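**Student:** Once you've had a glance at the structure underneath, I'll fire off some questions.
The values are calculated or read from the model by the stated rules, or taken from the named source; none is laboratory data. Fair warning: this is a prediction, and the values are worked out from it, not measured in the lab. Note that each Cβ is placed from the backbone with ideal geometry, even for glycine, and that neighbours are counted across all protein chains shown. The accessibility values were calculated without ligands, DNA or RNA, using every heavy atom of the protein model including side chains. Shrake-Rupley method; radii C 1.70, N 1.55, O 1.52, S 1.80 Å.
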Amino acid sequence: MTREAVERDYVAQAANYTATGPPFALLLVGDASDHSAGYRDIDDSIWIIRHARSATEIPRLIVAGVLPTARPTPSALRVARSSPR
């Protein structure tokens, strides 16, 4: 999931939740795409968005994060056996 997709599809909803309180929100989005090649770096998965619903509104600060989902169940993971020396 790209930053552009997160901002296009989810930021307006997160900003609306701040309408009656502080202009701050946390937005976490699950990414169920194929992660067989690995996961992206944490620095690429979390960022701050400034979003105003109108030209006169104080911008809302939204901390956005994309979390990998559809991962193996931790109890199903196994450590590879080392070969005897």
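Every residue, every condition in (1) assigned to a loop (DSSP other than H, G, I, E, B); (2) closer than 15 Å to THR2 by Cα; (3) touching a Cys at 6+ places or on another chain (Cβ under 9 Å); (4) open to solvent by 70 Å² or more (accessible area, probe 1.4 Å), yes or no:
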site: SER36; (1), (2), (3), (4): yes, no, no, yes
site: TYR39; (1), (2), (3), (4): yes, yes, no, yes
site: ASP43; (1), (2), (3), (4): no, yes, no, yes
site: SER54; (1), (2), (3), (4): yes, no, no, no
site: GLU57; (1), (2), (3), (4): yes, no, no, no
site: VAL66; (1), (2), (3), (4): no, yes, no, no
site: ALA80; (1), (2), (3), (4): yes, no, no, yes
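**Student:** Could you count how many residues in region 68-78 are small (Gly, Ala, Ser) and either assigned to a loop (DSSP other than H, G, I, E, B) or surrounded by 13 or more Cβ atoms within 10 Å (Cβ to Cβ) (or both)?
**Tutor:** Pass one, region 68-78, residues small (Gly, Ala, Ser): 70, 75-76.
If we keep only those that are either assigned to a loop (DSSP other than H, G, I, E, B) or surrounded by 13 or more Cβ atoms within 10 Å (Cβ to Cβ) (or both) as well, we get 70.
So the count comes out to 1.
**Student:** Checking ALA25 against (1) open to solvent by less than 100 Å² (accessible area, probe 1.4 Å); (2) more than 11 Å from VAL66 (Cβ to Cβ); (3) out of contact with any strand residue (DSSP E or B) (no Cβ under 7 Å at 6 or more places or on another chain): exactly one of these is not met. Which one?
**Tutor:** (3)
**Student:** Does region 7-14 include one or more residues that are open to solvent by 60 Å² or more (accessible area, probe 1.4 Å) and over 18 Å from the mean Cα position of the chain (by Cα)?
**Tutor:** No, the conditions are met nowhere in region 7-14.
**Student:** Could you please find all residues in region 1-21 being outside any helix (DSSP H, G or I) and without any contact (Cβ under 8 Å) to a residue 60 or more places away in the chain?
**Tutor:** Taking region 1-21 and keeping what is outside any helix (DSSP H, G or I), we get 1-2, 17-21.
Within region 1-21, THR2, TYR17, THR18, ALA19, THR20, GLY21 meet the criteria.
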